[in-house]
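Single-structure report; data block below.
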Amino acid sequence: MRKWVSFPLKEGDVSRQAHADFPEQAIYEREVGRSGFFGPATHLHHTHAPTGWSDWQGPLRPRLFNFNNIGEAKANSPWAVPDLLHNAHCKMRTWRLTAPMDYLVRNADGDDLLFIHEGSAELYCDYGHLTLRDGDYVVIPRSTMWRLVPNEPLFVLMIEATNDSYQLPEKGLVGNHAIFDAAMLDTPKINDAFKAQYSENETKVQIKRHNKVSTVTFPFNPLDAIGWHGDLSVVRINWRDIRPLMSHRYHLPPSAHTTFVAQRFVVCTFVPRPIESDPGALKVPFYHNNDDYDEVLFYHAGDFFSRDNIERGMVTFHPAGFTHGPHPKAFQSGREYRKKFTDEVAVMVDTRDSLEVGAAAETTENPDYVNSWKIKPATAV
């Protein structure tokens, strides 16, 4: 058994409440925490912005990629697109599909999570049929056979839980029905659309195992189930079904927005919500050292209020090891309570193990992103 050393202390001028009522002479609060936002933490009150660097050299840095420009994402098979950010437990890819898949795929390496960034499609799988639209999350259990028929061009963010599975987070004090009720999860149906695709035509199945693809040919379509029962299935939920936890007096940590959990990473969803209104409450994400996790944000829609010059389909990557937080303009906007509502939608992936950047992602990087936190010197009058 292990237990963190626990000795909540106070030293110097402090706020008695995290993320609120900062000392006037030190408006920059920095959270130093372990185990993401679940372990011990200390809040330091600084007189300068913890991200107010004047220069940055070396490979460790905040990074910005434009996944709209991944040329290799256009492929008929999800197994033909490159890993963009990856480690032994998590692989992130983007995939663009315009034509119907005339074969099935099966991932023997782990569960897949598909996030439909753009487009719509018909999903056919072992469990039946689902119609997908933009904003859908689709959890596909390991070794499920499936294919997509686009109704309009698809742009999909794929997150693989390698040798792992996706589960729902524990919701603790707020109960099982908060954020989204399990009844909101849709499962495939053995409906007329599914029955219409039964056939005796030869069908190929591309199976990925250890990142290598094998093809198995059947003299019929193996998606021929007439029914099923049990508690394992493909499930779908849209970000529009999520009812976020929020407080008008306290800025909740990203962990409050957790949607799916694997053993070595979590997937969170930021959806539209009112901004905190209490005069003493912090109104933007707090500066923090995420010392045990790498943080990835995929920007889906809306105005990304804590970052400047971010567009849909872009990805920020903040590895562990340094402080990150809002851009200077966003911090000042929060101080002045200029914005009363945020309409941003973003997918966050926090990984317990460090991520590597794939070559295809590196070609889309904006190297000047690290400089976007520099505070411009005051102009002499």
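Laboratory data are not the source of any read-out in this text; all were calculated from the coordinates shown. Source: prediction; values computed, not measured. Virtual Cβ from ideal backbone geometry, glycine too; neighbours counted across all protein chains shown.
Overview of results
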read-out: For the range 72-239, Kirkwood radius (reciprocal of mean inverse C-alpha pair distance, Å); value: 16.5 Å
read-out: Assigned charges on the beta-carbon of Lys, Arg, Asp, Glu; the range 72-239 dipole about Cα centre (debye); value: 340 debye
read-out: Positive-end residue, the chain charge dipole about Cα centroid, Cβ charges, pick of HIS318, ILE190, ASN66; value: HIS318
read-out: Qualifying chymotrypsin sites (Phe, Trp or Tyr not before Pro) for the range 177-267 [loop in DSSP, other Cβ within 10 Å: at most 14]; value: TYR198, PHE220, TRP228
read-out: Normalised per residue, the volume of the convex hull around the Cα set of the chain (Å³); value: 166 Å³
read-out: Descending semi-axes in Å of the range 137-184, equivalent ellipsoid built from Cα gyration tensor; value: 27, 16, 10
read-out: Spin-label zone in the range 317-333 - amide nitrogen under 19 Å from a point set 7 Å from the Cα of ASP353 along the C-beta vector; value: 318-321
read-out: Within the chain, helix-based [θ] at 222 nm, where runs of 4 or more DSSP H residues each add -39,500 (n - 2.57), nearest 500; value: -1000 deg cm²/dmol
read-out: Relative contact order [Cα under 8 Å, 6+ residues apart], the range 102-151, whole percent; value: 50 percent
read-out: Rg(Cα)/(2.2 N^0.38 Å) for the range 261-381, N = residue count; value: 1.14
read-out: Computed P(r) (all Cα pairs; the range 1-146; 10 Å bins; percent); value: 8, 25, 20, 19, 19, 8, 1
